[in-house]
Structure formats: C-alpha cells, structure tokens
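What follows is a single structure, written as structure tokens, with notes after it.
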Amino acid sequence: MTTQQRSPIQALWDFFCSLKLAISLLIALAITSIIGTVLPQGTPPPEYLQAISEAKFKLYSSLGFFDMYHSWWYVSLLYLFTVNLVACSFKRLPRVWKIITEPTLVLDEAFEKTLSQTFDRKLDGNAASLKERMAAFLKQEFAEAVITEKDGEYHLFAEKNRWSRLGVYATHLSIVIIFIGAIMGSLFGYKAMVNIVEGTSTDTVYTRSEKPIKLDFAVRLEKFSVSLYDNGAPKEFKSVLTVLENGQPVPGLTNRPTIVNDPLSYKGITFYQSSYGMASEGGVYHFVVRSRSGGAPVKIVARQDEVVALPGGGFFRVLEATQEVRQVLPQFSGPAARIEIIPSKGAQPSPPFIVLKNFPDMDEVRGGQQIFVYEGADDKYFTGLQVAKDPGVWVVWLGCTLMVIGISMAFFMSHTRIWMRVVNGRVVLAGSTNKNPAAFEMRFEALVEKLKAF
C-alpha cells in the first residue's frame, strides 16, 4: 500500500489554512496584548528607569515592549493572522458559494436520507393539484418555492437567509480591512505633541522622537481656562483655538473651544486636548500695599523672583503663586502668593509668608510694617495638544461596520431550507439548517402539524 506524498507547496497551503494556526495566533496576540496593557507605551526612558532596573530596561527595549504595537514581531503576528484568514476563506468559500448559488432543487430518496428532518404524508389528489396546494402552503408558512418537475414528480424548494452563510467571510474580510487601515495610518500618518502658550501660534508639531513636522497651517491659542473641584483637582480644561491659513483665520475655526472629548480637526489632522501648565516665563502678579502707620494704598505689579521696591523703602519678591491654595492650606481656598520682604538690597530677607486673594484682611495679623493684599495674577497658560494624522481611519471604520454586519449575520441568522416531493396521493417534507438546529426542529414540527391539517 502506498501513501500519497504532499508537495511542499500543498503542505504550506494546508499550514496556512489550519484552524489550529488561527487559534494559536489568537492566543499569541491576546497574551502579547496583555504585555502592552501592563507596560506603559511610549513613556520617556527616565520614567521607565525609575520603576525597573537598567538591565530590564535594555532587555525590554530590545524586545520592543515599550512600543509593542509597532514592534516587528507583533506586526508579523498580525500579518500571519491575516494570511491565515485569507487562506481559510479561499479554501472554504467556493463550497459555500455553490450552496448559495446552486441549491439542490430535487429531493430524491438518496438526498432525503442525508437530512435530519423528514416527514411523509398521504394526501388526496393527483400530483398536479397537490403541487399547487403545497406551493401555496410553503409560500404562506415559510417562503416562496421553486418548482422542479422530474420523472412525473414535483419537487418544491424554499429557503430563507441564504446569504447569512457569508457572515463569517464578511467578518474575515473586515479584519483584513481594519488591518489595511492600520497599516495606512502607520505608514502615512503620525502622532505628535505640541505646547502652545496663550496668545501665540505654531505651525510645527513634534513626534515622540522630537522630530519636527511642519504643518501647512498654524494653530493659535487664544485663551486657556481650567475649572477645579473643591479639592483642587482639575475638573475641566479648555483651549480656545484658531486655525490660521496664510496668517488669516479659517472661517468656522475661529475661537473654537477644544476640550478632552471634543477635538479640533482640520485637513485630516486632529488636535486633542491633552495637558496644560503655566508658561515658563511666568505671569504678572498684582498687589496693593499700604503702610500700617497710614497713607494711601499703592498698587504694585511684580513677576516671579523679581525684586520690586516698596513704598517707604525696602523690597519684596514673589517666590511662587497658585490658583488654588486648598492643597497647601485646606482651610482656605482661591488664588494665593508666597512672598518675602527684603529690608534693603543685600540684607537678609524676612521669613516668607502667604497672602490670599479671597482673604484680603488676613495679612494685617502678621504684624509687619507693610500690609499686603493680593489681587490676583495675569498668568499665561500653555496647552498641551496631542496631534494625530491617520489617513486610514475611514478604512478602519469601514472594516468595523462590515464586522458588525458580518457578526450579526453569523450569529443571529441561519440558512434554513425546506424541500417537498409531491407525487400522486403523497407528500414528503424535509428540511435542514446550517446552525441552531434546536430552533429549526421546533419550526419544522410546526410545519408538520399544519401539514397534517390538510
């Protein structure tokens, strides 16, 4: 006895068509995705080195764990999974397509034995009259039938949801389309960051590797605002942005508010609100100073760390300021500044103290020669925007839509078929379904009961 040898090409084809390969790849993708979830992706190296040793950092970097979803081995798994899906679909689709487009119309005795649901009923009348009655019966109770005459017998065939057999292939195709969209975004798109100070504009963004990308338009930060919870944590921060083309505002994109869940998009580039902070040049702080011995109050403007002369002699300096002092002094709230008084230039400063905008009389209890009232600051914020360009996003959305359709067809619809063989005084009923046989059995029994009433 001889055993037929498979060619290397056939063996390779069978390997890519293997269900075991598909399951193994899905498990591998799931496990590696856990790694990408546990390890922060794209974080600057110093932050990694604070949590792990240098040896682990080098090992993880060489394996691509810190940018796992762009690593060569993860992308290779996706490529292999895609080839596996395509190969499985090409191998099985022709048979399914033939079932859909070339159904078996004749219920002969050999075919009847292959069906799980059958029923034989004797009825009065010749074949021609029974054919008409059974065609009307199927049309009313199931679906309109195709009638075929063979050897003096009439064969009726009716079906529902035949295209639902393609649901699994639509799902396979959707995964491939999503993967193509992701590749398009990876090759022709980018993710970058930019910080913009209030009142300024920029036409350049920077990738994670600090590579500059020049845009063909500019974005200006008109104003930044932040609202806080009672505990001082940020509740909502908002950037008011204007898009500039050739130095002129773009209609419809002037003073456009941008918050975390409402990004700004223009020419395929999307700006997401990501972070914020105080501009490095600091703000301008406003004070009212009066002498304890009397005299008119004097308004003074100062910048952080700037030594400013006081009326009547001496100097003072703003060490730091905040919009919410609650985190430092829980019993108080609102803007505050920490300052120090310098009796004369070069002399030893006095201990720093805090003045509060919402409590203007508080500094009187300090006992100093000058009484300070803090009126607030003209702080300049910067907004941190995440910038993304992804030309494949609409391809991904197309794939997601097709996936929903395919999964709905595959899980919630079934291809059900009913055959009838009509001869003089006798009717044979048979049926089959490609999924959910228990529900189809109940439906078939209901047809049988109605057929018995004839």
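The values are calculated or read from the model by the stated rules, or taken from the named source; none is laboratory data. Just so you know, these numbers come straight off a predicted model, no measurement behind them. Every residue, glycine as well, gets a Cβ built from its backbone with ideal geometry; the counts of neighbours run over all protein chains shown. Just the protein is used for accessible areas: all its heavy atoms, side chains included, with ligands, DNA and RNA removed. Shrake-Rupley method; radii C 1.70, N 1.55, O 1.52, S 1.80 Å.
Each 10 Å bin from 0 upward holds the following percent of the Cα-Cα pairs of the range 149-291: 8, 25, 22, 15, 11, 7, 5, 5, 2, 1, 0, 0, 0.
Think of each Lys and Arg Cβ as +1 and each Asp and Glu Cβ as -1; about the Cα centre, that makes the dipole of the chain roughly 880 debye. Take the range 393-454, drop everything but the C-alpha atoms, weight them equally and run the Debye formula without solvent; then report log10 I(q)/I(0) at 0.19, 0.20, 0.27 Å⁻¹ to two decimals. With no solvent term, the Cα-only Debye profile gives -0.79, -0.83, -1.10.
Per the Kirkwood definition applied to all pairs of different Cα atoms, how many angstroms is the hydrodynamic radius of the range 346-414?
On the way: mean 1/r = 0.0519 Å⁻¹.
The Cα-based Kirkwood calculation yields 19.3 Å.
Taking all C-alpha pairs of the chain, those more than 28 Å from each other amount to 72 percent. Normalised by the number of residues in the chain, the mean separation of alpha-carbon contacts (under 8 Å, six or more apart) gives a relative contact order of 21 percent. Note on the range 318-393 and the range 132-196: Cα centroid distance 66 Å, given to the nearest whole angstrom.
Roll a 1.4 angstrom probe over the protein heavy atoms and tell me the percent of accessible area of the range 1-109 that is carbon or sulfur. Let's see the in-between values first.
Working: 5170 of 7610 Å².
The nonpolar share, carbon plus sulfur, comes to 68 percent.
So how do 245-252, 287-294, 312-319 stack up, highest first, on mean other-Cβ count within 10 Å? Let's see the in-between values first.
Details: 245-252: 10.5, 287-294: 14.1, 312-319: 16.9.
Highest-to-lowest ranking by the protection proxy: 312-319, 287-294, 245-252.
Cα axis of helix 72-101 to longest principal axis of the chain: angle in degrees, 0 to 90, nearest 10? It is inclined by approximately 30 degrees.
Restricting to Cα atoms and excluding each atom paired with itself, what does the Kirkwood estimate give for the range 310-394 in Å?
Working: mean 1/r = 0.0645 Å⁻¹.
Across the range 310-394, the inverse of the average 1/r is 15.5 Å.
Rolling a 1.4 angstrom probe over the range 338-454 with all protein chains present gives an accessible area of which 61% lies on carbon and sulfur atoms. Just so you know, the Cα atoms of the range 135-183 work out to an Rg and Dmax of 19.2, 60 Å.
A helix-only calculation puts the chain at -11000 deg cm²/dmol for mean residue ellipticity at 222 nm, using -39500 (n - 2.57) for each DSSP H run of at least four residues, averaged over all residues. Each principal axis of the range 315-454 carries a Cα extent, and these read 123, 38, 21 Å when sorted largest first.
Using bins of 5 Å that start at zero, the share of Cα-Cα pairs per bin across the range 218-260 amounts to 6, 23, 24, 16, 12, 8, 6, 3, 1, in whole %.
To two decimal places, what compactness ratio does the range 41-88 give when its Cα radius of gyration is scaled by 2.2 N^0.38 Å? Before the final figure, lay out the partial values.
Details: Rg = 14.7 Å, N = 48, 2.2 N^0.38 = 9.6 Å.
Cα-based Rg divided by the globular estimate yields 1.53.
Pop out the carbon and sulfur fraction of the accessible area of the range 140-208 as a percent, whole number, probe 1.4 Å.
Working: 1990 of 3630 Å².
Heavy-atom surface of the range 140-208 belonging to carbon and sulfur, 1.4 Å probe: 55 percent.
The angle separating the long axis of helix 19-38 from the principal Cα axis of greatest extent in the chain is about 10 degrees. Straight-line reach from Lys435: taking Cα to Cα under 25 Å and skipping same-chain neighbours fewer than 8 places apart, the lysines in range are Lys20, Lys91, Lys98, Lys113, Lys139, Lys160, Lys450. Once the 1.4 Å probe is applied to the protein heavy atoms, the chain comes out at 58 Å² accessible per residue. Could you work out how far helix 437-452 tilts from the main Cα principal axis of the chain, as a 0 to 90 degree angle to the nearest 10? Between helix and principal axis, roughly 40 degrees.
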